[in-house]
1. Looking at Asp343, Asp335, Asp398, Asp326, which is the one that is modelled with pLDDT under 90 and not assigned by TED's automatic domain parsing to the domain that holds Ile81?
2. Could you count how many residues in region 378-417 are in contact (Cβ under 8 Å) with a residue 40 or more places away in the chain, farther than 30 Å from Asn350 by Cα and not small (Gly, Ala, Ser)?
3. Report, by residue number, each residue of region 26-36 that is over 25 Å from Arg96 (Cβ atoms), of a type in the set (A, V, I, L, M, F, W, C) and surrounded by 10 or more Cβ atoms within 10 Å (Cβ to Cβ).
4. With region 144-263 as the region, which strands (runs of 3 or more DSSP E) entirely inside it contain at least 1 residues that are closer than 23 Å to Tyr109 by Cα and not assigned by TED's automatic domain parsing to the domain that holds Phe328?
5. I need the full set of residues from region 147-203 which are β-branched (Val, Ile, Thr) and surrounded by 15 or more Cβ atoms within 10 Å (Cβ to Cβ), in order please.
6. Those residues that are of a type in the set (A, V, I, L, M, F, W, C) and in contact with an Asp or Glu (Cβ under 9 Å, 6 or more places away or on another chain), I need them from region 167-181; list them, please.
7. Please pick out the residue among Tyr102, Tyr124 that is within 22 Å of Lys43 (Cβ to Cβ), of a type outside the set (Gly, Ala, Ser) and assigned by TED's automatic domain parsing to the domain that holds Leu62.
8. So if I check each of Asp343, Asp369, Asp356, Asp335, which one is in contact (Cβ under 8 Å) with a residue 40 or more places away in the chain and acidic (Asp, Glu)?
Amino acid sequence: MHPPLLRSLAAIGVLTLAAVAAPASAAPGIILSPSEFQSLSQKGGVKVLDVRSKAEYDRGHLPGAIHLPWQALNVSERDGIRNEYADDADIEKALRAAGISYDDTLLIYGATTLAGRAFVVLEYAGFEKLHVLDGGASQWKGKLTTAAAAVKPSDFKLDRKRENRVEQDYVAGQIDAAGTVILDGRQAAASEDGVIPSAKFVPTPLYVDAKTSALRPREEVLAELAAQGITPDKEVISYCGSGANASNSYLFLKELGFDNVKFYDKSWDEWSRGNRQQAISHANFSFAGDALSAPGSLGPRFLDETQVKALQKDGKAIVVDVRPPDDFVVGRIPDSVNVYWNDTLDAERNLKSAEDLKALFSKQGVTPDKHVVIFARGGLQLSQAYTVLKLLGYEKVDVFAGKWEGWVNPAYGPVKS
């Protein structure tokens, strides 16, 4: 063979081997560093979405960012359950107004990395190229602007939905199931209020740096999860109190390489108000059956929503919410006050003194002359609160433990005064 031809063939072979040996550039993860986020935002077919409040957006946002608050994709409540996906028609309307199409790569950022409520709805809507800014706007060192992005509405049609939620029956079927982990993402105190049986408790803040809200080192988090038997080869069902923390846990687990993650959006709001089994330091229980309305009963009346609202309207009752403060803040019955049932006990789990107990309740305006309606999400919590109030001489004490519609949810607007 002619020497120049041999040299040409050899050169082609070297280039071919080099192309084979060279690793393909890694696809970007879900959560991007500020530099990765900035670089990707400059490419064609990319839209940056600011999912914070309008006030935060107006104070300063990333140049070119479209304002799409996460609340536009969610509703404050549905059927008495907080933080639910908006109806499909409303999701479609919001995405059209934001000028979005399925061809777009979407870069999301919130105040911190906790952008889960926007992420889960956009994933449900069928978007495959979704990314979140690590640390959110709080860690952005680049330029900000107050000029609103010019948006041309699109003709977006919600026709590629991918359901990422599971229902209560599915979760119940996975309790103690081999190969499945039920993960509770609530704050620490909330677990004292009861958990779904067999659930592993991993508060959402575990995944992020406390100061920056940026993701902690991947291997550290994976090791801590593995210590609880939570590994990427397993199915993980993420839940919390109302779906807020659980959506962030869902996002973080996806970023960590968990491919089989399910989202129980209705979470403890739904689970705790039914007759499903609960777990607590001791096995929890529910109040149900005809004993609640037995003739001659000397126990509390179990009121429904209509009865409670009537008492409130007449100014005849005060609703005492005995759930954990973290859950109370996220959503509560209007005009209710919070006295956490566990605060009636001291560090040794003994009942506090009568003086301390009276002060605990009176600080919230709960005095013996009032008609008290206890709002609880479990039998132990209810029994403890009721017993303490009776020991303190409260004569009129009733109970509400059912479905409520009309929560005060500060994330969706001003708090009712």
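1. Going through Asp343, Asp335, Asp398, Asp326 in turn, the sole match is Asp326.
2. 9
3. Here is the first cut: in region 26-36, the residues over 25 Å from Arg96 (Cβ atoms) are 26-29, 31-36.
Checking the rest, the ones that are also of a type in the set (A, V, I, L, M, F, W, C) come to 26-27, 31-32.
Within region 26-36, Ile31, Leu32 meet the criteria.
4. Because the criterion is at least 1 residues that are closer than 23 Å to Tyr109 by Cα and not assigned by TED's automatic domain parsing to the domain that holds Phe328, the strands (runs of 3 or more DSSP E) in region 144-263 that meet it are 235-239, 261-263.
5. Val166, Val171, Ile175, Thr180, Val181, Ile182, Val195, Ile196, Val202, listed by residue number.
6. Ala177, Val181 - these are the residues of region 167-181 that are of a type in the set (A, V, I, L, M, F, W, C) and in contact with an Asp or Glu (Cβ under 9 Å, 6 or more places away or on another chain).
7. Tyr102
8. It is Asp335.
The values are calculated or read from the model by the stated rules, or taken from the named source; none is laboratory data. Values in this document were obtained by computation on a predicted structure and should not be read as measured data. Heads up, the Cβs are rebuilt from the backbone with ideal geometry, glycines too, and the neighbour counts pull from every protein chain shown.
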